[in-house]
Amino acid sequence: MYEWQKQIQMIVDEIDSCIKNYEDEALTLRCLSRRLGYSEFYTTRKFREISGMQLRDYLRHRKLAFALKEVRDSDKSLLHIAFDYGFSSHEAFTRAFKAAYGITPSEYRKNPLPVVLRTKINPFDRYFLGLGEIGMMKSDEDVKIYFVTIPAHKFMHIKNYESNGYWDFWQKQSLIPGQDRETICGLLDSIKGKLDDDGGSEPNSGSGQIMAYINDPDGRLCDWGYPRTECHGVRLPADYDGEVPPQLMMIDVPEAEYIVFEHGPFDYEQENRSVEEKIEKAMADFDFSGTGYCYDTQPGRILYFYFNPEQYFKYIRPVKKI
């Protein structure tokens, strides 16, 4: 039943790999369909059936998303960038860029306003599809626990007062015009200067986007016994003065102390739930005796949740001195 989702996921992963490595010659329908062993017609039909879009449109928009970041962050000439991403000329690149973002590359380089980028789709996610783990392959790596002081910064985000968990958050957000996952993650992907951005191409893979929970009397009562509001956003420098898209809000987060519960790299398909349970147990069992701290559940304090299987799974929870 899910075989084609897996096949299309292979194509999606291959597309991003080729774009990152400037291998435009490998990004033809012929090459991609040959990789799966199916006809070009059948591959195109199944891609649209599963993703809801034409393969050629997805390819064009993913190339433009990568190209936009180079326009924004590099000193490369626009012609060089155009050729790197498979455009035949500066004019062809400019036309495609403006059609997608409503602004020319040269104008955007001077004033990089937030725009909605085409984020990577993930048609085969075992947890989203309700398949769970492949097995119970427990990691041998323990959860690291340590205290940190995080400097003052800003947090640009959306929040949902009723959601409970990542997928529920986005299902509820999809009911709000202009606040669906594709739009919000695409906007955040275009924001320059994110503190946690290490070049990843997905919301949960080093792109600087993180989930958070703000202690909030108007929020949903969580399993830890106090109300909180679930958020998705990006941390930015304290002096960030860029535009805030109308769908999003910005708060100032003062310097504060936190406790971190961190698990290292893991296999998402085989270990995700096991690692999550291990971290939750570590948080529930942690003994603050002798530390001089306790969890801080005061309104306004913020908890960050970092999820990137290639690097870590961690909660950063606010604490206060006692």
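Laboratory data are not the source of any read-out in this text; all were calculated from the coordinates shown. These numbers were taken from a predicted model, which means no experiment stands behind them. Cβ: placed from backbone, ideal geometry, glycine included. Neighbour counts: every protein chain shown.
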Gain in length, residue 41 to residue 267, computed as 0.36 nm per residue apart minus the alpha-carbon separation, to one decimal in nm?
-> 78.0 nm
Of all chymotrypsin sites (Phe, Trp or Tyr not before Pro) in the range 1-104, which ones are in loop regions per DSSP and have a Cβ with at most 15 other Cβ atoms within 10 Å?
-> 2, 22
Principal-axis tilt of helix 3-20 within the chain, Cα atoms, nearest 10 degrees = 80 degrees
Work out how much length residue 249 to residue 20 would gain on full extension: take 0.36 nm times their residue separation and subtract the Cα-Cα distance, in nm to one decimal.
-> 79.3 nm
Just need log10 I(q)/I(0) for the chain at q = 0.13, 0.15 Å⁻¹, Debye formula, equal scatterers on the alpha-carbon atoms, no solvent, rounded to two decimals.
-> -1.07, -1.34
Can you tell me the dipole magnitude for the chain around its Cα centre, using point charges on the Cβ only (Lys, Arg +1; Asp, Glu -1), in Debye to the nearest 20?
-> 960 debye
Could you sort out which of 63/192; 194/278; 69/154; 6/98; 192/281 sit more than 26 Å apart by Cα distance in this structure?
-> 194/278; 6/98; 192/281
Under a 10 Å cutoff between Cα atoms, tell me which one of 299, 309, 105 has the largest fluctuation in the Gaussian network model of the chain.
-> 299
Please work out the FRET efficiency for the pair residue 13 and residue 224, using the Cβ-Cβ distance as r and a Förster radius of 25 Å; give the result to the nearest 0.05.
-> 0.10
Divide by every residue of the chain the summed helix terms, -39500 (n - 2.57) for each DSSP H run of at least 4, and state the resulting mean residue ellipticity at 222 nm, rounded to the nearest 500 deg cm²/dmol.
-> -11500 deg cm²/dmol
Would you mind calculating the gained length between residue 164 and residue 34 on full extension (0.36 nm times residue separation, minus the Cα-Cα distance), in nm to one decimal?
-> 42.6 nm
What shape does the range 144-321 have by the C-alpha gyration tensor, where a ≥ b ≥ c are the square roots of the eigenvalues, rounded means a/c under 1.5, and otherwise prolate means a/b greater than b/c and oblate the rest?
-> rounded
Grab the beta carbon distance between residue 298 and residue 276, set R0 = 22 Å, and tell me the FRET efficiency rounded to 0.05.
-> 0.25
Which shape class, rounded, prolate or oblate, goes with the range 236-310 when its Cα gyration tensor gives a ≥ b ≥ c as root eigenvalues, a/c under 1.5 marks rounded, and past that a/b bigger than b/c marks prolate?
-> oblate
